[in-house]
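The values are calculated or read from the model by the stated rules, or taken from the named source; none is laboratory data. On a predicted model such as this, the values are computed, not experimentally measured, just so you know. Glycine gets a Cβ as well: all are built from the backbone with ideal geometry, and neighbour counts include every protein chain shown.
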Amino acid sequence: MSTKEEYLAKLKTRNDSWQVEIDELQAKASEATDDIRAEINEQIANLRVKSAEGESKFNELADATEEAWEDLKVDAEAMFNNLVGELQEEAQETMAEAQGFFAKIKSFFS
């Protein structure tokens, strides 16, 4: 595998794992009350937009010529690092809200 192919495989794996995490959040959101579910779904929608941005950049990299590859790689790395940080932060916030919701429910039955 060439360096470009290895890099693209790494990005594809990363994006696929984001999709799994987003789907898991979506499943947890379905267990929330309507008002909290709406807020969590809004955050999940934002995560999906960011993931789509990553997918778009991935496709741009995959289609790049070898000459353009090195220049695009630098830009893509910065973008993916930024997206990773944003996705992790938003996912953690969404999970914290969902956990807070479940803690409130549990406290009603304790």
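Entry remark, segment 3-58: residues being touching a residue at least 60 places away in the same chain (Cβ under 8 Å) and part of a helix (DSSP H, G or I) number 11 in total.
Summed over segment 8-65, the residues that are basic (Lys, Arg), more than 13 Å from the chain's Cα centre (by Cα), surrounded by 15 or more Cβ atoms within 10 Å (Cβ to Cβ) and under 24 Å from Ala76 (Cβ atoms) give a count of 1. Of the numbered criteria (1) at pLDDT below 75; (2) charged (D, E, K, R); (3) surrounded by fewer than 11 Cβ atoms within 10 Å (Cβ to Cβ), the one Lys104 fails is (3).
Scanning segment 79-95 for residues that are more than 18 Å from Lys12 (Cβ to Cβ) and hydrophobic (A, V, I, L, M, F, W, C) yields Ala91, Met95.
In segment 4-32, what residues are aromatic (Phe, Trp, Tyr) and either touching a Gly at 6+ places or on another chain (Cβ under 6 Å) or farther than 21 Å from Gln99 by Cβ (or both)? Can you show your working first?
As a first pass, look at segment 4-32 and keep what is aromatic (Phe, Trp, Tyr): 7, 18.
Matches in segment 4-32: Tyr7 only.
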